[in-house]
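Asker: Questions regarding the structure given below will be posed in turn.
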Amino acid sequence: MLTFSIEKTDTPTDAKKRAEWLANPVFGRIFTDHMAIIRYSEGKGWHDAKITARKPLSIDPASTVLHYGQEIFEGMKAYRGADGHIKSFRPEANAERFAASARRMGMAVLPEDLFVQAVDELVRIDQDWVPSGEGQSLYLRPFMISNEVFLGVKPSTEYLFIVIGCPVGAYFGSGAVSVWVSEFFTRAAIGGTGEAKCGGNYAGSLVAQAEAKEKGCDQVLFLDARERRYVEEMGGMNIMFVRNDGKIVTPPLGGTILRGITRNSIIRLAADNGIEVLEEPVDIEEVFSGAASGKYTEAFACGTAAVLSPIGKLRRPSGEAVFGNGEPGPIAIKLKKILTDVQSGRAPDKHSWLHDIV
Ligand SMILES: *Cc1c(COP(=O)(O)O)cnc(C)c1O
């Protein structure tokens, strides 16, 4: 634990303005008044923890992150619970994954309790920014950049860890999304960085995401890099399919897929509700023929930002796979309700996933 020095902003957002924003937040465009920041230097370790006004960073043009991209991040949410307390959901899982991402990228590892503490400190000072509407929350973005002033290629000796927050509503609309299957671009290979939550993975996925948009789809689905045959995941969400035997199937974690906390939570809540989830390779040909034959009845994406998004159809150059009638399916709707009920405190928190902040 470190003690955070608290430097409150001199220019807090006007309460009326904030209320207007909170009534209808747009994802990722409006930010709270403060940020948490901790510095790391080799020899000195983690130091200078503070809460300060959210403001632009001053970075040297030779700062390593600008050249070699040592950057990792997390995405998590704080909710205003039914009991009036503000809580985050499984923050220790984000802290653990953040440490794993840092190790993979050769970066300094932030102690997991310090990660949770930094997020809590920010939420505490900006608690008026946590919206209370249905489906609304404060999205939190902890991230770390390398910050040594040096053009040599090696792991940096200096890092900045920062947490910012933005109020959010529903990520996608309420309908089902359409997904483009990327048959050329891949996201991750064995031995690569697919399991790390690093900015570079996103940089490499954006051209495929742009291709998806051009093909009239909302999102992109990546296949394995070796055979381009097995389903991996979307650009920023894991994927699951529902079969007509009532079971769910999702690609196994094997180093190339991000270990989604939503994915893990859904697997456990499905089990609690008598739905079996198989973590098995999913052949894209089987998905297309299974959607046509009725063997694959639903598909959905899962991740913190969107929680759970039903997928109406997959599209690729040779045709489309439509699940059910292309509308959100009953299992996806049911699991979304089960998960969001736990997150909002409407259902009992049997797994002790909620972490009280204020
Ligand atoms: C963050 C992320 C996910 C979802 O993880 P959650 O912990 O559920 O938010 C899935 N895939 C990728 C590539 C991601 O970056």
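Asker: Give the residue that is farthest from the chain's Cα centre (by Cα), with candidates limited to residues of the range 37-50 that are surrounded by 12 or more Cβ atoms within 10 Å (Cβ to Cβ) and farther than 15 Å from F115 by Cβ.
Answerer: Across the range 37-50, the extreme among qualifying residues is E42.
Asker: OK, next. Among A108, A19, A93, which is the only one that is in a helix (DSSP H, G or I) and within 21 Å of G199 (Cβ to Cβ)?
Answerer: Answer to the check: A93.
Asker: Quick one: in the range 240-264, which of the residues that are under 21 Å from V179 (Cα atoms) and near the ligand (Cβ under 9 Å from one of its atoms) is surrounded by the fewest Cβ atoms within 10 Å (Cβ to Cβ)?
Answerer: R259
Asker: Listed residues G133, G75, G165, G169; which is in contact with a Ser or Thr (Cβ under 9 Å, 6 or more places away or on another chain), at pLDDT below 95 and not charged (D, E, K, R)?
Answerer: Testing whether each residue is in contact with a Ser or Thr (Cβ under 9 Å, 6 or more places away or on another chain), at pLDDT below 95 and not charged (D, E, K, R) leaves just G169.
Asker: Only one residue in A212, A189, A208, A196 is aliphatic (A, V, I, L, M), crowded, with 16+ Cβ neighbours inside 10 Å and in a loop (DSSP other than H, G, I, E, B). Which one?
Answerer: Every option except A196 fails the conditions.
Asker: When you go through V282, V342 one by one, which is the residue that is under 19 Å from F222 (Cβ atoms), aliphatic (A, V, I, L, M) and touching a strand residue (DSSP E or B) at 6+ places or on another chain (Cβ under 8 Å)?
Answerer: Criteria check complete, one pass: V282.
Asker: Next question. Going by the structure shown, is S88 touching a His at 6+ places or on another chain (Cβ under 6 Å) and either within 21 Å of S352 (Cα to Cα) or part of a loop (DSSP other than H, G, I, E, B) (or both)?
Answerer: Taking the combined requirement at face value, the residue satisfies it.
Asker: Would you pick out the residues in the range 148-177 that are within 14 Å of the ligand (Cβ to nearest atom) and either part of a strand (DSSP E or B) or without any contact (Cβ under 8 Å) to a residue 40 or more places away in the chain (or both)?
Answerer: V168
Asker: Still on this model: Got a sec? Which of I311, I267, I338 is under 16 Å from V177 (Cβ atoms) and within 16 Å of the ligand (Cβ to nearest atom)? Let's see the steps before the verdict.
Answerer: On the way: I267 fails: under 16 Å from V177 (Cβ atoms); I338 fails: under 16 Å from V177 (Cβ atoms).
On inspection, the qualifying residue turns out to be I311.
Asker: In the range 10-41, what residues are closer than 20 Å to S58 by Cα and without any contact (Cβ under 8 Å) to a residue 60 or more places away in the chain? Please lay out each step first, then the result.
Answerer: Initially, the range 10-41 is screened for residues closer than 20 Å to S58 by Cα, giving 10-11, 31-41.
Hits for the range 10-41 are D10, T11.
Asker: Quick one: W180 ticks every box in (1) in contact with a Pro (Cβ under 9 Å, 6 or more places away or on another chain); (2) outside any loop (DSSP other than H, G, I, E, B) bar one, so which box is it?
Answerer: Checking W180 against (1) in contact with a Pro (Cβ under 9 Å, 6 or more places away or on another chain); (2) outside any loop (DSSP other than H, G, I, E, B), the one that fails is (1).
Asker: While we're here: Just give me the residues in the range 317-358 being out of contact with any Lys or Arg (no Cβ under 9 Å at 6 or more places or on another chain) and buried (at least 17 other Cβ atoms within 10 Å of the Cβ), in sequence order.
Answerer: Listed by number, the residues that qualify are G324, G329, I331, A332, L335, K336, I338, L339.
Asker: Could you count how many residues in the range 7-36 are surrounded by 11 or more Cβ atoms within 10 Å (Cβ to Cβ) and touching an Asp or Glu at 6+ places or on another chain (Cβ under 8 Å)?
Answerer: 8
Asker: Take the residues in the range 190-206 that are within 9 Å of the ligand (Cβ to nearest atom) and of a type in the set (S, T, Y); name whichever of them is farthest from the chain's Cα centre (by Cα).
Answerer: S205
Asker: In addition: Can we say G294 is more than 15 Å from the ligand (Cβ to nearest atom) and exposed (fewer than 14 other Cβ atoms within 10 Å of the Cβ)?
Answerer: So G294 fits the description; yes.
Asker: From the list E227, E276, pick out the single residue that is under 19 Å from G329 (Cβ atoms), over 22 Å from the mean Cα position of the chain (by Cα) and either surrounded by fewer than 16 Cβ atoms within 10 Å (Cβ to Cβ) or not acidic (D, E) (or both).
Answerer: Only one candidate passes the filter, namely E276.
The values are calculated or read from the model by the stated rules, or taken from the named source; none is laboratory data. Everything quoted here is computed from the prediction, not taken from an experiment. Glycine gets a Cβ as well: all are built from the backbone with ideal geometry, and neighbour counts include every protein chain shown.
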